[in-house]
1. Collect the residues in region A:328-364 that are out of contact with any Pro (no Cβ under 7 Å at 6 or more places or on another chain), in a strand (DSSP E or B) and open to solvent by less than 10 Å² (accessible area, probe 1.4 Å), keeping them in residue-number order.
2. Considering only residues of region A:660-693 that are touching a Pro at 6+ places or on another chain (Cβ under 8 Å) and over 30 Å from A:Tyr530 (Cβ atoms), which is surrounded by the fewest Cβ atoms within 10 Å (Cβ to Cβ)?
3. For region A:112-178, which fully contained helices (runs of 4 or more DSSP H) count at least 1 residues that are within 14 Å of chain B (Cβ to nearest Cβ)?
4. Determine the pairs where a residue that is over 13 Å from B:Gly55 (Cβ atoms), located within region B:31-42, has a partner that is part of a loop (DSSP other than H, G, I, E, B) and near the ligand (Cβ under 6 Å from one of its atoms) with Cβ atoms under 9 Å apart, the partner being 6 or more residues away or on another chain.
5. Go through region A:541-652 and tell me which strands (runs of 3 or more DSSP E), entirely inside it, have 1 or more residues that are within 14 Å of chain B (Cβ to nearest Cβ) and open to solvent by 60 Å² or more (accessible area, probe 1.4 Å).
6. What residue, of B:Ala209, B:Ala234, is more than 21 Å from the chain's Cα centre (by Cα), surrounded by fewer than 21 Cβ atoms within 10 Å (Cβ to Cβ) and in contact (Cβ under 8 Å) with a residue 60 or more places away in the chain?
7. Do we have any residue at all in region A:182-194 that's closer than 30 Å to A:Lys380 by Cα and open to solvent by 10 Å² or more (accessible area, probe 1.4 Å)?
8. Of all residues in region B:162-183, which are crowded, with 17+ Cβ neighbours inside 10 Å and closer than 30 Å to B:Arg210 by Cβ?
Amino acid sequence: MKMKQRDKQKTYQWVGKRVQRKDGPEKVTGDLKYMTDYRYENMVWGRVLRAKHPYAKIKQIDTSRAEAYPGVICVLTYEDIPGFNGFGIVVPDQPVLCHDYVRCMSDAVALVAAETEEIAEEALQLIDVDYEVLTPVTDPEEAMKENAPMLHPSGNVHTHVQVQNGDIEKAFAEADIIVENTYISPRQMHAFIETEGGWGILEEDGSLTIRCPGQYAFRDRMQIARVLAWNPHRIHVVSNPIGGGFGGKDEITVQIYLALLALHTGGRPVKIHYKREESVIAGIKRHPFKVKMKTAAKKDGTLIANQVIAYGDTGAYASLGGAVISLAVEHSCGPYYIPNVDLNGYCVYTNNGVSGAFRGFGVNQVCFAMEQNIDIIAEKLGIDPIEIRKKNVYHQGGISSVGHRVTASVGTWETLDVAEKSDLWQRRHHYKNNPSEPWKKRGIGIASSFHGIGMGIGLPDYGAATIELLPGGRFLVGVCSEDIGQGNGTVFAIVAAEALQCHLDDIDVIQGDTKLTLDSGTVSASRSTYVGGNTILAAAPNMIQLLIHTAAEIFDIDPEFVEHRDGKLWKTIPVQGKEVLSYAEIYDYLYQHRRETKVEGHFMVPTAEKMIGKNVGMPHKVYGYQTHLVLVEVDMLTGETEVLQVLSIPDCGKVINLLGLEGQAEGGAVMGIGYTLYEDTVIENGLYKTTNFTNYILPTFKETPHIQTIPVESDEKSGPFGAKGIGEVVMIPIIPAIVQAIYDATGARIRHLPATPERVYQAMKEQGMI
Amino acid sequence: MRVSEIAMVTPKTVMECLMYLSNRGQDARLLAGGTDAIVQMKEKVGRPKIWINIGKLDELRFIREVGNEIHIGSLSTHTELANSKLIRSRASVLAEAAERVGATQIRNMGTIGGNIATASPAGDTLPALYVLDAELELQSFAKKRRIKIADFFLGPRRTLLQNDEIITKIIIKPMQENEIGIFEKLGPRRAQAISIVNVAIKLSMGSKARQCLAGKIAFGSVAPTIVRASKCEAMLTLGLLTDQHIEDIGKVAWREVSPISDIRASAIYRKDMAGALLIRGLYRLMKRWEDQ
Ligand SMILES: Cc1cc2nc3c(=O)[nH]c(=O)nc-3n(C[C@H](O)[C@H](O)[C@H](O)COP(=O)(O)OP(=O)(O)OC[C@H]3O[C@@H](n4cnc5c(N)ncnc54)[C@H](O)[C@@H]3O)c2cc1C
């Protein structure tokens, strides 16, 4: 509500308006060429040989038949790696090319470059790998047992994250109600429109260019350099534009393969572009979780204790698994204050593919559990589900369940209040009592969640932007953080246009290029509006200083007598000559005098006061909050669930682009619907049962309900114009909200996602509803 | 066979096509809309040496009433079927089935001939064709033959079609004034989904409320080929189709089917869903009949 006052004080020209995305038309019409759309005359094709078994010892690799095959240019194995044979954002435990063991079907064993894609594929069949097949470890709890085969020297538990506060036993003893359940969540696939792929080119000057969609060009460059044992400055990474990321391009995808192959193709550009089938096997996925949660409350609905054990299946390699589990633990109690907690998360190695970053980053899985437990408590105590949440939320300045004081803005209560006052909630009985056909039932569900912005305490989290004055008085804003589909480029332009008092069309944005932009950190952790916006706001005053000082020089007066107003430079004292200068005139002057027209701005992400235990990254200082309210209809004959209406209520701080926010809220809702009702990458005994989009069921437009977005704008002092981040949390509480709505409709509780028609039907049958 | 090395010929007439087939039938494969054939080619299934692209044979793209029959050219697309006035009014169950195939793009490309020749147990037009007593005209350079649809299928992806033959048309019996029909499909989602179970129902209604004089029921995706549900069909006429009687018929359905478990659904669920879809279809049919 504070924001309203602030709005009155400040009117913005661009911020908060509905601004069409700068990259919208070319993406919608298909005019934009993604990097993987390109072809070159003298190009060659690269392909990757994958493991044949989920777990096996490599006895021998013989590439001679493949090398002799007509049209093959090179065949590479681990022996051809000049530097370190590994990658991984936190712990580089994933071999680039396996040499002793394969630990999952995603593992790469060899690379081929050939004249055509078909020849490359045929050559893969000619690489003879002699395996000693081992029994795969396919269940995290089994993997944690003493006698399980050790997949890595450090053991199968990659990390154990623990937070303990208060006295959990005492609290359980004093509780009026205890609810305990186990929740299982699926292996969601990012399913971006553009599968992993790109180009590697060895330039004439001996440097390397890697054109490959990614979520952090500078880190990709570092990981490539480590494998090549090269100075990173000899590698130019271009990572934008991207046909979707969602976290799936946060880790290395094909960059290193491209680099290795490019060194062996005599300067010919090499392209890799996964087919969907290969992307399914090779790409990282969301961690499937098993969450055991025991939650206690007093009669009046006050939550007093929560005990959580979460097992995350990280697959064969760490990637960001440790961080995912840490975030899951940090968020496992929801945006509520529970004084007594014992929270445990285990990140466990198995032979099930590789899990890593994915929008939500561990929070989806625990939110599913927490919100269900709260709902069950509310129902048993006869308390309204909104009221119990309002009662337990922490407010700004309050203490979170992991035990730190939350100093940044908190809008959870307001999001719940908006939900409560909505037509859907007020007239819920009316909506529920009118199913479309007599054998269908309707239900309503509500849930809230939150999500940390940025990396959290103890991790380097910074950003940098450049602003360059261009001919005609336009500006080029450079922020490396890629536009992975969320529309951050448009946000950067809005922030710059607002700060520089110019028209949005006078801002060009460049992203994802290690030569043309500065390192601005990852595109992940819901951070790019918050961090990118702040870096631009750090750079803009430098640009304005440059404009003022240059104007002063032209006016031949002291800079203090130059005023920057309405996108122009005004003289405030009466001396001879021009009264006012445009940006274009300033540019011309600087150009004529051969002067630099580019400035920089840097920003360090503020962190919380102290770390929770030894958990690096925990807690965050700033969180985005979100409530979802949904209406569903279940066919009692078949178990089919249709989501009819979604009310998405984000607290993202000040909205920078209302249209962009709606895009995120709608896309997030649909992704959440997919996660809840349809999507799962099925792996059995380490082998993928899911092959492509024939059996990986994504929601289509027909599964897309009416979605309304009502933002709550809690003012975050540390954010650009008061903004926080929203990219992830917009897909989270909808998950339990749908599950609760199914319960409300049918009386059956779903504890295993996705809630496919068969699962819902089974649950109704087992729980005696039909 | 590399995809890049597969040849393609595009005959201008059916006779030209049949001539190719009589010479090169062994090495060739027909390509209509390509929505099954191309997917299989990518999966390295049934890659021919030559594609015979029949997509341009407009002689096989028609829907017309001929005497007591409706003749459908095998190259008619699902969109054409779903939009045809004739099919919508006289064979509505087929229009409904065609409308539930894939999504718009697939319906614009995919043909009824392809749907039949692919012989997938989940093919959506097939149950509708069964209850409409469809017959197929198969033609080779030397001869023409007409066979009942139920005789055409030998098993999943196996049919009577010889490699010098093509399906030229599909002949169905139009529905009468007192006949109503419905197609019900359960897929993992509402569009672009392979059926977990589907069913086509055609009923002849009597003069009394909810009186059924005769009916045909065909299930898909629950056996190696489409199955007619003879026990359920017999029950249709045992009493008025009250909600209770409909539910009783539904309870028998599982005995008509012999599904398998696969990534889309378990066999048990499919058995239950045969009944559920039958009940849902009959409920909806009764509502339509009463609203008429
Ligand atoms: C994304 C997607 C979704 C789909 N959804 C559905 C669905 O919901 N329901 C469904 O039933 N199917 C579905 N299909 C399958 C397919 O679209 C249909 O079976 C379609 O009717 C096939 O027709 P076509 O013309 O494309 O056949 P083609 O692919 O051209 O041919 C299929 C086979 O039939 C043969 N053939 C074609 N025409 C003739 C002819 N006149 N005489 C003899 N043989 C012939 C070909 O040689 C080939 O073996 C889907 C396919 C895709 C790719």
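1. Selection gives A:Tyr336, A:Val341, A:Leu343, A:Gly345, A:Cys347, A:Tyr349, A:Val354, A:Ser355.
2. For region A:660-693, the residue satisfying everything is A:Asn685.
3. By residue number, A:117-125.
4. Listed pairs, sorted by first residue: B:Asp36/B:Gly110; B:Met41/B:Gly34.
5. none
6. Details: B:Ala234 fails: in contact (Cβ under 8 Å) with a residue 60 or more places away in the chain.
Testing whether each residue is more than 21 Å from the chain's Cα centre (by Cα), surrounded by fewer than 21 Cβ atoms within 10 Å (Cβ to Cβ) and in contact (Cβ under 8 Å) with a residue 60 or more places away in the chain leaves just B:Ala209.
7. Initially, region A:182-194 is screened for residues closer than 30 Å to A:Lys380 by Cα, giving A:182-186.
When the remaining residues are screened for being open to solvent by 10 Å² or more (accessible area, probe 1.4 Å), the result is A:182, A:184.
Looking for residues that are closer than 30 Å to A:Lys380 by Cα and open to solvent by 10 Å² or more (accessible area, probe 1.4 Å), one finds at least one in region A:182-194, hence yes.
8. So the first thing to find is which residues in region B:162-183 are crowded, with 17+ Cβ neighbours inside 10 Å, and the list is B:164-173, B:175, B:179-183.
Passing the criteria: B:Ile172, B:Lys173, B:Met175, B:Glu179, B:Ile180, B:Gly181, B:Ile182, B:Phe183.
The values are calculated or read from the model by the stated rules, or taken from the named source; none is laboratory data. Here the structure is a predicted model, which means the values were calculated and not measured. No Cβ is skipped: glycine too gets one built from the backbone with ideal geometry, and neighbour counts run over all protein chains shown. These accessible areas exclude ligands, DNA and RNA; they are computed on the full protein's heavy atoms, side chains included. Shrake-Rupley method; radii C 1.70, N 1.55, O 1.52, S 1.80 Å.
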